[in-house]
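The values are calculated or read from the model by the stated rules, or taken from the named source; none is laboratory data. Predicted model, so just to flag it, every value in this text is computed and none were measured. We place every Cβ from the backbone using ideal geometry, glycine too, and count neighbours over all the protein chains shown.
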Amino acid sequence: MIKTTGSTLFTQAKCRIYTKSIVNNSDSTFLQAEHHWVAPDRFKQNTSANGYVLNDSRYWRIGLINASNISGIVQFTYDAGPNNSYLDSTWIKNAEDSIRMFYRKDASEEWVLADDSVKIGALNDQLGNVYIKQIKAGEYCFGIKRSNYVDTL
């Protein structure tokens, strides 16, 4: 239940919500963050991929009740190092400046680029964050650009 502004860490879901404003302080927003330890559905059409490869081991689902009551951002962290049990190591194969977040409302829709920004340390340390500029319900997945990539549906 989100009733105040500030940072909320969802440890089990491996994400963080930064609530910037609340419209009605006498009401709360229910937010459920799920971290799925499985590859997401692939792009429905090769043309949608545009050279991106979706993460092959995880994605997230955010559920909201009374979503119009809050505004803020969502932070997702990628980590291909030993501290994260190499969770993203099979997916990060090139420089991190090409990492983006993809979004869809649910599995009936195609993955599209989310309104995001990436904060990386070094370009090749395989550790960084992607921030989604709006809290909204749906599914989220990391994508990374790879040269000459064609998805093998």
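Only one entry of Lys93, Lys136 meets the criterion of being in contact (Cβ under 8 Å) with a residue 24 or more places away in the chain, closer than 29 Å to Gly6 by Cβ and assigned to a loop (DSSP other than H, G, I, E, B), and that entry is Lys136.
Each residue in the stretch 92-143 was checked for being at pLDDT 90 or above, among the aliphatic types (A, V, I, L, M) and in contact with a helix residue (DSSP H, G or I) (Cβ under 8 Å, 6 or more places away or on another chain), and 3 pass.
Only one entry of Ala114, Ala39, Ala80 meets the criterion of being touching a strand residue (DSSP E or B) at 6+ places or on another chain (Cβ under 8 Å) and free of Cβ contacts under 8 Å to residues at least 24 places away in the same chain, and that entry is Ala39. Every listed requirement among (1) in a loop (DSSP other than H, G, I, E, B); (2) surrounded by fewer than 19 Cβ atoms within 10 Å (Cβ to Cβ); (3) on the phi < 0 side of the Ramachandran plot is met by Asp88 save one, (2).
For the stretch 38-51, a residue qualifies if it is at pLDDT 90 or above and exposed (fewer than 12 other Cβ atoms within 10 Å of the Cβ), and exactly one does: Val38. Val130 falls short on exactly one of the conditions (1) free of Cβ contacts under 8 Å to residues at least 60 places away in the same chain; (2) among the β-branched types (Val, Ile, Thr); (3) assigned to a strand (DSSP E or B); (4) surrounded by fewer than 18 Cβ atoms within 10 Å (Cβ to Cβ), and that condition is (4). Taken together, Thr77, Thr5 contain a single residue that is touching a Lys or Arg at 6+ places or on another chain (Cβ under 8 Å), within 16 Å of Gly128 (Cα to Cα) and not charged (D, E, K, R), which is Thr77.
Among the residues that make up the stretch 17-27, is at least one of them under 19 Å from Asp106 (Cβ atoms) and either acidic (Asp, Glu) or at pLDDT 90 or above (or both)? Scanning the stretch 17-27 turns up no residue that is under 19 Å from Asp106 (Cβ atoms) and either acidic (Asp, Glu) or at pLDDT 90 or above (or both). Residue count for the stretch 1-37 under the criterion of being buried (at least 16 other Cβ atoms within 10 Å of the Cβ) and of a type in the set (Lys, Arg): the result is 2.
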